[in-house]
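So the structure is just underneath, and the comments pick up after that.
The values are calculated or read from the model by the stated rules, or taken from the named source; none is laboratory data. Since the structure is predicted, the reported quantities are computational estimates derived from the model, not experimental observations. Heads up, the Cβs are rebuilt from the backbone with ideal geometry, glycines too, and the neighbour counts pull from every protein chain shown. Areas reflect the complete protein model, heavy atoms only, side chains present, ligands, DNA and RNA absent. Shrake-Rupley method; radii C 1.70, N 1.55, O 1.52, S 1.80 Å.
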Amino acid sequence: MQTKKVIVIGAGPAGMMAAIRAAQLRQEVTLIEKNHQPGKKLLLSGKGRCNLTNLCELDPFLNKFSSGGQFLRDAFKKFFHRDLIKFFASGGLKLKVERQLRVFPVSDRSGSVLEVLKKQLSAEKVKLILKTALQDIIVQGGRVEGIMLSDGKFLAAQRIILATGGASYGFSGSTGEGIKIAAGLGHDIVPLRPGLVPLEAAEKHIRALEGIILKNIRLKFSHGKDELFSEIGELLFTGFGVSGPLVLSLSGRIVDWLSRGSGVFMEVDLKPGLSKEQLNARLLREFQLNSKKTLKKTLKALLPQRLINCVVELSGIPPDRNCSQVTRQEREKLLSLLKGFRMRISRARPLDEAMITCGGVSLKEINPRTMESRRVRGLYFAGEMIDIDADTGGFNLQAAFSTGFLAGEGAAYG
Ligand SMILES: Cc1cc2nc3c(=O)[nH]c(=O)nc-3n(C[C@H](O)[C@H](O)[C@H](O)COP(=O)(O)OP(=O)(O)OC[C@H]3O[C@@H](n4cnc5c(N)ncnc54)[C@H](O)[C@@H]3O)c2cc1C
């Protein structure tokens with residue numbers, strides 16, 4: 001194989017893996033990053049613990065992607081979770097598997113994942129240029145010639161891999177510049193939207209619940225006749241609405257619903273383990289046992305204090321009423337609040353606050369076997385800048401690593 005000059009732009013997980021793979025295949029590789037260090041978003045991942053992949057089988061893995069799953073089949077055939085684990089194990093990183101087959105470093109530090117990548121970049125003699133941004137890609141006769149950098153320098157290259165990420169968490173460096181450059185070269189771009197994003201609620205009283213985490217609840221979203229149910233899991237109230245794993249996972253669908261107008265509502269089933277009848281019986285029992293206590297005190301057995309204040313206020317029951325005085329109608333109102341604590345979702349938080357960017361370079365523009373552009377020869381794409389996005393659980397990072405690996409090979413062999 002002939003040695004070529006390969007330039008990779010963006011030292012996130014996709015770009016670093018692409019650079020390492022191309023260099024392993026004896027290419028002369030330069031990796032350009034505009035930050036003063038590589039992997040800034042990687043360091044934030046998994047709340048600083050980095051959920052780097054997931055051990056579920058290929059088909060369920062592909063189903064975790066909102067639309068582009070099938071596109072990734074070739075990339076995953078070439079380099080999947082076991083390969084990634086081997087890659088990090090050979091770099092001395094110990095990994096562990098947590099609930100729902102999520103893989104984390106034993107150290108619980110995303111920094112230890114980054115250290116292996118940096119060690120490999122240096123072992124493979126990848127030239128890393130930091131604090132330098134890509135300005136433009138120069139194309140002649142439908143083939144890449146090189147790149148213009150922010151400092152005005154031109155670098156010649158026979159192969160270019162664009163791995164500049166999406167357009168969320170802009171402070172980490174992912175500001176969508178690479179996507180604009182790809183658009184400028186004629187690539188079709190699927191509009192960017194927030195994915196895995198917190199939601200805002202219209203009701204002011206939700207704000208008083210900020211910081212409350214509810215475990216073991218179920219969510220139901222509705223939009224006209226459409227309904228969407230979550231698994232049982234965790235909900236976080238924020239200063240503007242709701243977040244937490246269940247909300248983030250379903251947010252992609254909610255963003256679509258919101259864009260179609262008309263109301264989107266969310267109901268929290270605060271006691272999904274009990275049917276309405278069972279919960280009614282439980283309330284009756286609690287009220288009988290605590291007949292002389294106030295309703296608010298008695299509800300402590302069922303809810304956190306701040307939520308009790310809110311639920312009692314919404315029920316319209318006077319807050320200092322004793323349990324023995326609660327009427328049947330009042331108990332029924334309480335029951336419906338506990339089984340369906342409802343709010344209107346007014347909008348999603350902005351793209352910059354999303355964990356993932358939906359949209360990006362259209363999959364139609366990319367050869368899934370090599371990650372090469374179908375418009376510009378010698379140009380390859382990898383990572384989140386492509387129109388792929390998945391649920392939480394390690395799927396997005398695996399996609400970044402796998403498409404990076406494939407792009408690195410594509411650039412070397414192509
Ligand atoms: C808070 C948070 C937590 C997350 N946790 C997880 C998790 O636990 N598991 C998981 O699977 N996914 C997680 N994700 C998603 C995951 O981090 C991303 O999908 C992944 O980082 C995408 O990798 P990438 O290499 O494509 O892009 P990025 O990581 O965004 O890297 C792109 C790089 O390109 C650089 N760049 C951009 N423009 C230019 C330019 N013009 N010139 C030079 N360099 C440029 C950027 O500075 C950046 O370093 C999380 C995301 C967030 C925001």
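Observations on the model:
- As computed over the chain, the Cα convex hull volume per residue (Å³): 145 Å³
- Acute angle (nearest 10 degrees) that the helix 81-90 long axis makes with the longest principal axis of the chain, alpha-carbon atoms: 70 degrees
- Angle between the chain longest axis and helix 305-315 axis [Cα atoms, degrees, rounded to 10]: 60 degrees
- Contact order relative to length of the chain, as percent, for alpha carbon pairs under 8 angstrom and 6 or more apart: 26 percent
- Heavy-atom accessible surface of the chain, averaged per residue, reaches 44 Å², computed with a 1.4 Å probe.
- Mean Cβ neighbour count within 10 Å, used as a protection proxy, ranking 280-288, 1-9, 215-223 highest first: 1-9, 215-223, 280-288
- Cα long-axis angle, helix 395-413 against the chain (0 to 90 degrees, to the nearest 10): 10 degrees
- Over the stretch 259-414: Kirkwood hydrodynamic radius from C-alpha pairwise inverse distances, Å: 20.2 Å
- Residue list for the stretch 230-267, given a label point 7 angstrom along the Cα-to-Cβ vector of N216 and an amide N cut-off under 20 Å: 230-237, 244-247
- Simple spin-label estimate for K153 and Y413 in nanometres, 7 Å along Cα-Cβ: 3.2 nm
- The stretch 171-319: translational diffusion in µm²/s, Stokes-Einstein, Kirkwood Rh over Cα pairs, 25 °C, 0.890 mPa s: 135 µm²/s
- Among the listed pairs K40/K127; K41/K364; K40/K119, those whose Cα-Cα separation exceeds 20 Å are K41/K364.
- Whole-Å distance, taken between Cα centres, linking the stretch 7-76 and the stretch 297-372: 34 Å
- Using a Förster distance of 35 Å, the FRET efficiency for L314-R253 (Cβ separation, nearest 0.05): 0.85
- Shape box of the stretch 1-151 [Cα atoms, principal axes, largest first, Å]: 49, 32, 29
- When the solvent-accessible area of the chain is split by element, carbon and sulfur atoms take up 50 percent of it, the probe being 1.4 Å.
- Gain on full stretching of the segment that runs from H36 to E203 - 0.36 nm per residue minus C-alpha separation: 55.9 nm
- The simple spin-label model puts a point 7 Å past each Cα toward its Cβ; for K225 and K292 those points are separated by 5.6 nm.
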